[in-house]
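Peer 1: Encoded as structure tokens, here's the structure I'll be asking about.
FYI, it's all coordinate maths here, none of it is from the lab. No experiment lies behind these values; they were computed from the predicted model shown. As a convention, Cβ positions derive from the backbone with ideal geometry for all residues, glycine included, and neighbour counts pool all protein chains shown.
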Amino acid sequence: MMALTMSLFVTAQEKTRQMEVGLAFSNLNSFGLTFKIGSKKSLWRFNALLLSGDFRKDTSDSTAAKQNNIGFGFNFGKEFRKGIGKNFELRLGVDLSFKYSQSNWDYNDKSVTYQDKTIKGYTYEPGINFVFGLNYVVNDKFVIGAEILPGFSYYTGTLTERNYYINYGNETKTNFSGFKYGLSNTSVLVSLAYRFK
């Protein structure tokens, strides 16, 4: 992190020759913003992605359940480019990443047993990703890019379950952690960017 910060400071002293701003997509339901600044061969990259978000409600004569999930993440790193043909650029680099997700489930029992339940959980996931990508330069202003981001991450979080009965209730809290590594379908990123100086 210190090396990236120092390199950013040194780069800021140099004349900026190129900037890109655009939209990034991971899967069909995850999208965000991307911003890059630097030279034609070396750029700092900043990506903010909405990973997921959904709300669901189920009701019947005796029960009602609501579920809400949301997640987001951001990446910061450096990429290097090399032209390979008239309209193509090869991209290689590395990103530091962070993801956060939260889920809430509320179950309301309307029967005589009155067994209500709530489950709340959250997860933090810092990591590092390698960048292997390709750009198609449509013209001087527009660029279409695709990249794969194999990487390694550590996740940690808490899951809290509360059960409520007619005369009493209890709470169970579970802490979890682990590691992820490799390449998955969520590691593929497609972007459409506007290039300017």
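Peer 1: Compute the signed sum of charges (Lys and Arg +1, Asp and Glu -1) over the other residues within less than 12 Å, Cβ to Cβ, of G71.
Peer 2: On the way: positive: K99; negative: D54, E125.
Net charge in that neighbourhood comes out at -1.
Peer 1: All other residues with a Cβ under 14 Å from the Cβ of S101 taken together, and with Lys, Arg as +1 and Asp, Glu as -1, what is their net charge? Can you show the working numbers first?
Peer 2: Values: positive: K99, K120, K180; negative: D54, E125.
Computed value for this residue: +1.
Peer 1: If I stretch the segment between F31 and F46 completely, what's the gain in nm (0.36 nm per residue apart, minus their alpha carbon distance), one decimal? Write out the running numbers ahead of the final one.
Peer 2: Details: separation 15, 0.36 × 15 = 5.40 nm, distance 1.37 nm.
Contour length minus the Cα-Cα distance gives 4.0 nm.
Peer 1: Something else about it: Taking a virtual spin label 7 Å from the Cα of F179 along the C-beta vector, which residues in the stretch 121-146 bring their backbone nitrogen under 13 Å of it?
Peer 2: Residues passing the 13 Å test: 128.
Peer 1: Now, a different point. Calculated FRET efficiency, F142 and F98, Cβ-Cβ r, R0 25 Å, to nearest 0.05? Walk me through the numbers on the way to the answer.
Peer 2: Working: r = 29 Å, r/R0 = 1.17.
After rounding to 0.05, the efficiency reads 0.30.
Peer 1: Using +1 at the Cβ of each Lys and Arg and -1 at the Cβ of each Asp and Glu in the stretch 2-196, identify which of Y136, S101, I148 lies farthest towards the dipole's positive end.
Peer 2: Y136
Peer 1: Over the stretch 2-196, with a single point scatterer placed on each C-alpha, what log10 of the ratio I(q)/I(0) does the Debye formula yield at q = 0.11, 0.12, 0.17, 0.18 1/Å?
Peer 2: Ignoring solvent entirely, the Cα scatterers give -0.63, -0.70, -1.10, -1.19.
Peer 1: May I pose another question? Taking the Cβ of Q18 as the centre, find all other residues whose Cβ is under 9 Å away and add up their charges (Lys, Arg: +1; Asp, Glu: -1).
Peer 2: Working: positive: R17, K36, K40, R195, K197; negative: E20.
Local net charge: +4.
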